[in-house]
Structure formats: C-alpha cells, structure tokens
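A quick write-up on the structure given underneath.
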Amino acid sequence: MEQDAEAAQFLKEASLSVKKNAYFMRKAMDEDNLREALRYSAAMLGELRTSFLSPQRYYELYMQVFDELGNLEAYFADEQSKGRTLAELYELVQHAGNVLPRLYLMVAVGCLYIKAGGARSSDILKDLVEMTKGVQHPTRGLFLRAYLCQRSRGLLPDTGSPYAGEGGDIHDAVDFLLTNFMEMNKLWVRMQHQGAPRDRERREKERQQLQDLVGKNLTYISQLDGLTFELYAGSVLPRLLEQVVSCKDELAQQYLMQAVIQGFPDAFHLASLDALLSALPELQSGVKLHAVMASLMDRLARYAASDPSVVGQLLERHAFEKFVESISKVAELHGDIPAVSLVEMYAALMRFTEGVHPDKLENVNRVLGACQRGLAGKGLGGDAKAEKQLVALLSMPLGSRDAVTVLSLDQYPPLMGLLSRRTHKDMALKVVTTTLAQGTCVSSLESVEMLFKFIAPLVQEAEDDDDMDEEDIEEEQVMVARMLHQLTAPTPGLQFAILRAARAHLELGSPARLKHTYPALAFCGLKALRRLNAAQQQQQSGAAADADASADANGAEKDAERAAPAAAPAAAAAADAAGDAVDAESALQWLLDVALQLAEVPAPMQALRLLLVCAHVASEEAGLEMLAYEFFEQAFTLYEESVADSRHKVTALQAIVGTLHRCYVFSADNRDALTQSVTSYAAKLLKRADQCRAACAASHLAWQEPPAAAADGEVAVAVPGRQPPVRDAQKVMAGLKRALKVVAAAKQQRAATARGGKGGAQHLPLYVEIVNHYLYYLARGVESMSVGVVQQLLELVGSELSQYDADLDAETRSYWQATQRHIQCLKAADPDKYAGLNA
Amino acid sequence: MKNILGLVQGAPCRIDVDFKDEKGHRYKKTAVVKGKNGETEELPLFTNHDAIVGEVRITPLTTKRVEHTGIKVQLLGQIELASERGSPHDFVSLVRELAPPGDVASAAQKPLPFEFRNVEMQYDSYRGLQVRCRYLLRVSMTGKGMGSDTKKDAPFWVRNYDVPPDEAPPIKMEVGIEECLHIEFEYDKARYHLKDVVVGKIYFLLVRIKLKHMEVEIRRRETTGAGSSAHNESETIAKYEIMDGAPVRGENIPIRLYLSPYDLTPSYRDVHNKFSVRYFLNLVLVDEEDRRYFKQQEILLYRKADDPTQQQQQQQPQAPPSLGSSSSSS
C-alpha cells in the first residue's frame, strides 16, 4: 500500500515534469528554436525512462507524453516547409544522448519522413524497428514499440498504399510488423522473469494489462490489404507460430494463439488448419489449450454456419479427424493435463461436430470414446469443474437429437461412469427426462440394453446412497417407471424380450426401488399381453379366412403367427421369428414372477392388486383357468400372510371380490374353493361393519351377470374356456343372512357397551346397505328373493331406524331417504313386480 | 575616465589586425572554437600552405606625438604545455616589417598590409586539457615607452585535411568475464572522419548479470612528453546511451553514433615530438549495482577535405546518411 502511494506520488511528479518540459518545448517551437525544442522534448521523453511505475501508471504517463509528441510532430512537419529537410532532422534527433527519448523522436520524425515521401517507407521502418532494439527494458520497450506500431500505421508499403512500389511491397510491411511483434513478444515474455519470484502473480497481472500492445501488431498484419492466403500460410503463420512456440511462456502462448485465431479470417484458418494444430502440442503444458481449441473450433463452426459450402471444405480437409488427433496428441504430450481441460477440449469438439455435422452421429461417438480414453486411468480426480464440463459434454448430444439415437452411442455410458455418483445420476435423470419429453419410443433390445447402461445409477444402488430418503427415491423411480412405458416394440414378442431385459436390470436395484418400478413394468407387460391377444385374434380370424381360401390351415397358422400386424417393421417380425415369439401363458407366468417379487419387496397391497389384475386378464383375456387360479391363490396367500392392517384387509378383500366376480373361467370346484375362502375372510374381519359389508360383497360371488359385451370399437375377445355365469340363489341368500346376523351382533354389541350418542349407531347404515343389496338381487331376479322377503327386511329396517332416530346421522338419513325414493321409482316403473314393496 | 583625464598614461594607439583574402576582401572562412568555459569564439580559419594576408590598422589614442622604433608582424606557431606554462615552444616564427621607425600618427594614416605566403602550418590548432597548439599573428610596435599595450595578438585557426587513410578492417572483438558476461562487438571501421557515423553492433553471447544500460563513450587521451616522463590526460568527450534495460543472451543491440555533434579533432601522433592526441570508443555496460564493465578501443580520427562538390551531394535529400550507413552495415 505504501509502495502504491509512493508510486502514485512518483507519477504525479513525473507528470508534472512532463507538463513543464512540454511547456518549454512548445515555447521553443513558438520561438522557432529547433535546438531548444529538441532539448525539451528529450527531457520530456526522459520521464518515460522510469522503472518505478506499474504498467498501468506508465501507460498514463505514456499517454500524456504521446499527446505532447503530437505537437512536436506538427512542428517537425512545419520545419520541413522552412527548408530543413527531414533527412537532416532524422539525423539531428539521433544526436540525443539517451536512447529512449532518441528513439521516440526517431519514430516521430521517421514517420513524418515516410509521409512526406522523402524516404522509402521500408527503409525507414526497417531502420526504426532495428534501432528500437536499444530499449531492452520490457515495459519501456513495449511502449516504445507500441508507439512505433501505432505511428507507422497507414505508412506501411501495403498493397495499394501510396507507400508501396518505390517504398517496398507487402512483404516489407509484413516483415516490419512481424519483426516488431517478435521483439515485443520477447520483451513481454521477459517481464515474467524479472524481479522476485514472490511477485510472480502481480507481474502476471501486469503482463496481462500489456497483452494488447503486443497483439496490436497481429491485428495490423491481419488488416493489411495485401495479405493473401499464400503470404499468410507461407510466411506469416509459420513465423508467428515459431515465435509463439519458442517463447515458452504460458501467458504469451495462450494470448497469442487466441489472437491468431481471433485475428485472422476464417478462410485462412480453414486452409491452414494443419499448421495451426500442429503447433498446439508444442505449447507449454499450462496453456489452456482447451480454450484455444475451443475458439478455433467455435470459429470454424460459426464459419460453417454462415457459409454452407464451408461444411464441404471442412469435410474435405478432415477437420474433425484432425481435431480428434490433435487433442489426443496434446493429451499424450501433456500427461498431467488436468481432467477439466481435457474435457473442455472434447466439449468444444463436440460443439464443433454438432454444429458442423449434426448428422454425423459417429462423430459424436468418437468424441465420447476419445474423451473416455483420454480420461482412462485418471478419471476426473474429483474435480467439480471437470465434472460440470463432462455433464455439459454429455448433455450436448441429448439436446439436439432424440434419446434413442443417443442410445446407439456405445461410448456414452462408460464416459458417464466417470462422473461421481450424484452427477451420474443427474445425468441419467436427464437422459430419462429427455426420453420422456421427446416421447421417444425405445423399440429395440439393443437400445434398451443401452438405455439401462445409461441410467444404471437410477436403477442400481451404490454404497454411498444413504442420503436418499423415501421421497427422493420415489421421485426418482417414478421417472424410471414413466420411462418404462416408453419401451415399446413393434411386436409383442419383442416387447416381452425388451421387458425381460428391463426387468433383469431393475432386479439389480433395491426393493425400495422395485416398489415403484415393478408395477409399471407389470402394467407394461399387461399392455403387451393385450396386444398379443389382439394380434392373435386378428391372426386367427385372418387365418380362418386364409384357411377358407387356401385350405391350408396348418401352415397358415404358423405363417400368421409370424406375420406381424401390418404396421410392424419387418425387422421386428424377424426378431420374433428368431425365437422371441411369446405366448400368453409364458407372458402371464412372467407377470406372476414379477408380482411375486413385488410381494417380497414387501409391497403386499401392490402385489395383491397386480395379481388380481393379472388373474382377471388370465381369466378373461387369455382364458387360462389354471393360471388365473394360481394368481388368485397367490393373492389369497398374500392376503393371509402379508396384509396385516385391517383397513388394508378390507380394501384387499373388496378388490378380490371385485375381481373374482368378473372372472368366468373357473370351473365350479375351483370357484367354490375361492369363494369359500373369500367368505371365511369376510367373516374374520375385525369390525362388524366390515364383516357385514364383506359378507354382502361376497354374496355377489354367487350371482354373476353374463360378461359385458365389448364396447364399440374394441376387438371383441372371444375367450376360450369361458364358463357360464354362476347363479346360485341359495348362496346369495346365505351370504345376506350372514350380513344381517352381523348387523344384529353389532346392535347387541352396542347395547352391551351402552354407549350413547351418535357414534353408537354404526349398524344403522349397514341396514340400509343390506336393503340395497336386497333390492339389487330382487331386480336381478334371484329366485329366493321375493318382494315379500324384501318387504320384511324393509319393515325391520324401518322400525330399527325409527327406534334410533335420534342417533341417525345425516348421511345415513339421506341414504335411507334415497333408498326410499329408489323404491318409489321401482314401483312406478314396474308396478306389477314391486307392488308389495312399501317403504 | 582615467584616459580622458590623462592621469595615467595609456597606450598610445590601438592595433587592429584584419585578415584579407587574395582579392583584398574581408577573410570569410572562419572556425568556431570553443573556449575553456564553454564560450565560443570565431577565428579565421586557414590550412597548411595558405597565404596569410591582411593589414594592420593603427589608431592613435592620444594626440601626443609618440615615436616608435618600428612596427612588425610575426606569424607564430606555438605549442604550449600546461606543465611548462608561459614558455611556449614556437615551431613556426616568421616576421614581416610593417613600418620603419617613425611616429605613430603617420603609421596610422593608412593600413599597413602584410603577407605571408605558403606558410608551413603542418599542425592543426588544438586546445586540449594540458596542451595547446596555436597560431597567431603578433603585431608589435617597439620604441620608448611602449608597453604590452602596443603589442597585438591576432589568433587564427588552422585545420589540415587528411588524405583519407587506407581502408582498415572493422573492429571486431569478443570480450567478457568468465561465466558472467560475454559480448561480441563490432564497429564498422577503425578509422572515421570527423563527420562520420560509427555504426556497430553488440552481440550478447552470455548474460548472467543484470545490466541496467549500456553506452558508448568517446574518450580523448592527450599524451605529453615521451618515454618515462610521458603524461596522459583523458577526457570523456561524449556519452551516448545505446541500450536501456537488461538484454538476454542472443540479443544484439545496434550502435549508430554520429560524430558531428561532438568537439572532436583528428587523432594526432607526436605533434612536434611534444604531444599526441588519441581517441577511443569506450563501450560501457552498467549493471544494477552500478558496476561498470567497459572495453576501450582506439579509433583513428581524421579530417576529410570538405570537397565542395561532395558537400553538395550530401545535401541531396534522397539519401539520408544514416540510412546509407545502416544498410551497408546490414
């Protein structure tokens, strides 16, 4: 800080001295005293000889002097008109004893000399650029040469310039700028090595402030009208690169490579790609090559975007291959290159290929593969930045193309595997979301296998996964579950193969995951099964038609099984033919497996529901009695062994009843076995109300309606092995009686507990419910259910209700009223049948 | 005032010497010569074997009649050493009688012409630290009562032009301090004329010390006496910075030193066995601790004839001398 204040003070004094000398200089000029003017100008310029100022402050001083030099130049120009030749002046200023002021004056006069046409531009410039070697101090030299560069602008013998021809040609102009550039660069690099090592960082910062002085030369070269590609590639670029490489300075190399890339036209880069790339491996290991490569690739990509013909040229020159090669060479040479740099390079390459050849998927894969190889052995080293870059790299292909296409990139998952668990998972989620967002169907076995490789961290556990709570897992697995629905193959056979593959992967996960994914998997299976059935139906009807036509039923069936629905691609059909063919039985067996595994999770309710659904499908769609029975059996076992919660039991039982009621495949024996189990389950429920309701429900098992006709538009499924609907009035009545008994028991129980208040009248709604069941059966025409029986019950219920009228809650009351209204309606609709009813 | 009151007897007359050219006009060739304290004086300039002509004018300062025993003019060439001050050695001494004895007033009636033809003035006029070589006309009036006032010295300057010496090889030299600093330097010539430009280059072959700057000095060494009694006196005529900052190995630094701004003379060897003047280019490197490393190299300076035709050519603007020498060096 103190040093800083000192420097500030110094600058103030120096600036004051500049002002003073400038004043005397101007005064001498007014008096037309050349000698004095020169003397004071040299004194003024002498202030620039300081070593005390940081580049920033030196620049301030320089600018001040620079402005004053403008006056001096004007005066010199004037001198010429007074008969003093610029040649004389040019010599005169060289008499100055100090080298720095002398050289500034030389530059000032020299440039006037060129402008006045007195001397060959190239001669003077050559002289100036040579003489300025006298200043070897980095900061002073840089500013002096910057002044030279700036003043000589427009005076170069550039093609088309008035200074060309006699005064030299474009080669001289290029030579001049290049020489000046090289000298400046040397000074700039040298700065780093002067002073104490502990100030290294500060120096680096200061150097950065000066970089544009050096870069200006390159800008001017690039702005030369006469700079043709031949000149650039033949002379400028090799010399530039030679200098860049040989200076062995990170900062300089970094900046200059960028300057070259940004400074010269795209077309030049395109045509001289080899030269440019071949310089890269030779740079220092600390140079951020990825940034350099990235700029180059981005530039070319932009160029290609602006001019379609460039794409062809890039192809022709194998730009992509060259980039790949160059990166791997760089990585090889700089064995210790940080992972983040490496990944950034590949990310840039990915951007390039995605920008230039969006259609070339193999390029994407190559980039991934190369990156993976590059990182092999060292991984990311836990570098968060590297990881971020890698995620960016991996996300790129996802952004522009659908997930299935990306799934064909076999280099993707191993690269993904390098990510940390958490990031890996994020990436996997991204893959899933992309798939879902795009609604992509994953339709081949290979893709599915790949997909699971991609999302492995979502499916499998890892040791360090302990920070996941239930909710996180659910959220995550729901995504996976959703994704399962995207796995759709053109043929059912293939579909099952896919699902099997998916299951094999899912199985690796913990039960906590399976709970969420298996149901989805199973329902995918069911969907497939339905398609299978539908397909078979069609084939059978088609085969029948064929058989009629060709009388070759035997072969036709086989053919038909093979011939997939018209929409299915031939490849998928071939896959089916190759052994993936599946029948309903095996599919259901598979589903059974899935369900049982789900039960072990344990997720008994889900498993139970799933079993029931499968049972129904087995029964009603496949017509496989044994399998359907098996499903029920398993469901019942689950009910008995695994469903403990009474509420769950109630729900489960209802589900069982509902499903069984709709199954028509069972023979009487099997059905009885199932029904009896249900009846006994119902009796064993804890609460009276539940017992009652279950009994009512179970009663329905004895009375099936004929299966509903298929709705319009759906394929009517003709199920083989369907039994006629069960009609057993006795059992119905027995069930209802049991229900009534339970209500009675409930009533007694209430009385025994003698609980007053409204809460006690639990049995009342049950009465109403039973009434409604009675009415249902009456309407269905169950033999034992006569109007008289119903009326009897109605009276009983009526009296019960009036007895407990005070306890009646609003719900039950309105239920009862609705029931009464219903009865009125029935009477109105069919007075003959319901005449005896009186609510 | 004293003179007017006649209280002190002053000089009876004033003596003026006018140099004339062959046609009787005022002599125009002059040389500006720097004196000791920086003041300059303009003196008539001659060359060996020139004719020195002119006239002496006597202006009486008193109306009193003053007799003299004769007026004469001497042309003297003297070498004066600081060590033997007051007793200059005359190497030329010519005398012309201007007027026979008579009175001052009559001598003052018209200018008294004089003429020295084909004078041998082989040595250049020179003003050094401890030696000078000078030429003068001494007009003296002798007679009773004539003091120093009646003697008048009119100095003039002599410059001789040398035939350009034979081409000598450029000076090239590698010097250094082991493991510390190795440089190679070259000056394009060993012999320069006074308006010449020294063009050269310094190559840094090894730099292990932190240099601050580098300069070229022009040093003049006067030697008087000979043998064991020889005495040297050196003087730095010019300091010309040629490098600012610290170079690294492999750098080369150009030198271009114009000699014209400096007060130089040709190198003189054994002037009348009295003294020699030699010139050196001294390359000085200064490091950050202000230690000086130097290497001195003698150069021979000579005066080139100012050929008028040549002079005109030089003024042609198309070829600056600097560039000519620069391109020839590269």
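Every number in this text was worked out from the coordinates using simple rules, so none of it is lab data. All values reported here derive from a predicted model rather than from experimental measurement. Cβ coordinates were reconstructed from backbone atoms using ideal geometry, including for glycine residues, and neighbour counts include every protein chain displayed.
3J(HN,Hα) along the stretch A:477-485: 6, 5, 4, 4, 4, 4, 5, 4, 6 Hz, from the Karplus curve 6.51 cos²θ - 1.76 cosθ + 1.60 with θ = phi - 60°, whole Hz, x for Gly and Pro.
Show me the GluC sites (Glu not before Pro) within the stretch A:1-100 that DSSP assigns to loop and that have at most 16 other Cβ atoms within 10 Å of their Cβ.
On the way: sites: A:Glu2, A:Glu6, A:Glu13, A:Glu31, A:Glu36, A:Glu47, A:Glu60, A:Glu68, A:Glu73, A:Glu79, A:Glu88, A:Glu91; in loops: A:Glu31.
Loop-located and lightly packed - A:Glu31.
Need the list of lysines near B:Lys23 for cross-linking: C-alpha distance under 29 angstrom, and skip anything on the same chain fewer than eight residues off. Within the straight-line limit of under 29 Å, B:Lys23 reaches these lysines: B:Lys72, B:Lys110, B:Lys151, B:Lys152, B:Lys304.
Helix A:668-683 and the longest principal axis of the C-alpha atoms of chain A enclose an angle of approximately 80°. Counts of other chain beta carbons within 10 angstrom of each beta carbon in peptide B:210-220 average 2. Computed from Cα positions, the angle between helix A:646-661 and the longest principal axis of chain A comes to roughly 70 degrees. Mind checking the angle between helix A:729-753 and chain A's longest principal axis? C-alpha axes, 0 to 90 degrees, to the nearest 10. Roughly 80 degrees between the two axes. Ranking of A:Cys614, A:Cys247 by neighbouring Cβ atoms within 10 Å, starting from the fewest: A:Cys247, A:Cys614.
Within the shell defined by Cβ-Cβ distances under 11 Å, the residues around A:Arg813 carry a net charge of -4, with Lys and Arg each +1 and Asp and Glu each -1. Under 5 Å between amide hydrogens, built in the peptide plane, is the criterion, and for B:Leu61 it picks out B:Cys13, B:Arg14 among residues at least 5 positions away or on other chains.
Inside 10 Å of the C-beta atoms of A:87-95, what's the mean count of C-beta atoms belonging to other chains?
Numbers: counts 10, 4, 1, 4, 9, 3, 0, 7, 7.
The per-residue average across the peptide is 5.
Here the calculated FRET efficiency for A:Ala8 and A:Asp307, from their Cβ-Cβ distance with R0 = 56 Å, stands at 0.60, rounded to the nearest 0.05.
How fast does the stretch A:1-119 diffuse by Stokes-Einstein, in µm²/s, taking the Kirkwood radius from C-alpha pairs at 10 °C and 1.306 mPa s?
Details: Rh = 14.7 Å.
Roughly 108 µm²/s, to the nearest whole number.
What ranking do B:277-289, B:218-230 get when scored by the average of other Cβ atoms within 10 Å per residue, highest first?
On the way: B:277-289: 18.2, B:218-230: 15.3.
Ranked from most to least packed, the peptides come out as B:277-289, B:218-230.
Per-residue mean of foreign Cβ neighbours for B:248-258 is 4 (Cβ atoms of other chains, 10 Å radius). The chymotrypsin sites (Phe, Trp or Tyr not before Pro) of the stretch A:1-87 meeting both criteria, a DSSP state outside H, G, I, E and B (loop) and at most 16 other C-beta atoms within 10 angstrom of the site's C-beta, are A:Phe52.
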